Amino acid sequence: MRLRRLLDDESGQILRRVILYGVVFALIILIIVEFGPLLWDRFSVSQMSDDMANAAANSYNLSHDQVQAVTDVTTKLKLSGLSDEEVQQCQVFFLPSDAPTKLSVKVTVVEYANSYILLKIGFFKKLAKITSTHEVGLSGR
């Protein structure tokens, strides 16, 4: 009751505005903190898929062994900070798949945005998944 009386008089009108602006400001900060990683991680995952495709191509050009190239990429993905679940969802394809001579390598990197709300609420977990694919030609073939 006392708070309501305080907000209804002349000085309360200013206090009411300050509280309203404070709540709106807090909501904007919460949205930026929780959903901002989606935007920032998209750039990071795109760069990571490009780097991993180049690493797979370089490894394959050195050893001419697909298994060795995939092992090298998996190791680099783990070292880059991806979880085991994310590494298992990543894919490495050598194209064309039915030909003995490979012309390119395609790498798909999967990462989940680091946000409490996105990871804990089932509906939003689908939004937290960020996928990027990059293809690089194999030189020297």
Top-ranked residue in segment 83-131 [being under 16 Å from Ala57 (Cβ atoms) and of a type in the set (Val, Ile, Thr); ranked as nearest to the chain's Cα centre (by Cα)]: Val109
Can you tell which of Val70, Val45 is in a helix (DSSP H, G or I), among the β-branched types (Val, Ile, Thr), under 17 Å from the mean Cα position of the chain (by Cα) and surrounded by 11 or more Cβ atoms within 10 Å (Cβ to Cβ)? Val45
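Is it the case, given these coordinates, that Val87 is loosely packed, with under 15 Cβ neighbours inside 10 Å, not acidic (Asp, Glu) and not in a strand (DSSP E or B)?
No: the conditions fail for Val87.
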For segment 90-106, enumerate the residues that are under 24 Å from Phe43 (Cβ atoms) and in contact with a Leu (Cβ under 9 Å, 6 or more places away or on another chain). Cys90, Ser104, Val105, Lys106
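Applying the selection to segment 132-141, what residues are part of a strand (DSSP E or B) and either under 17 Å from the mean Cα position of the chain (by Cα) or surrounded by 14 or more Cβ atoms within 10 Å (Cβ to Cβ) (or both)? Write out each step before concluding.
If we filter segment 132-141 for residues that are part of a strand (DSSP E or B), which is where we start, we get 132-137.
Ser132, Thr133, His134, Glu135, Val136 - these are the residues of segment 132-141 that are part of a strand (DSSP E or B) and either under 17 Å from the mean Cα position of the chain (by Cα) or surrounded by 14 or more Cβ atoms within 10 Å (Cβ to Cβ) (or both).
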Select from segment 90-110 the residues that are of a type in the set (A, V, I, L, M) and in contact with a helix residue (DSSP H, G or I) (Cβ under 6 Å, 6 or more places away or on another chain) and write down the one among them that is surrounded by the fewest Cβ atoms within 10 Å (Cβ to Cβ). Val110
Would you confirm whether or not segment 36-57 contains a residue that is more than 20 Å from Thr131 (Cα to Cα) and free of Cβ contacts under 8 Å to residues at least 24 places away in the same chain? no
Segment 48-67, residues that are within 17 Å of the chain's Cα centre (by Cα) and hydroxyl-bearing (Ser, Thr, Tyr): Ser49
Scanning segment 111-130 for residues that are part of a loop (DSSP other than H, G, I, E, B) and surrounded by 15 or more Cβ atoms within 10 Å (Cβ to Cβ), the one modelled with the lowest pLDDT turns out to be Ser115
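The values are calculated or read from the model by the stated rules, or taken from the named source; none is laboratory data. It should be emphasised that the depicted structure is a prediction, and the values quoted were computed from it without experimental measurement. Positions of Cβ are generated from backbone atoms using ideal geometry, with glycine treated the same way; all protein chains shown enter the neighbour counts.
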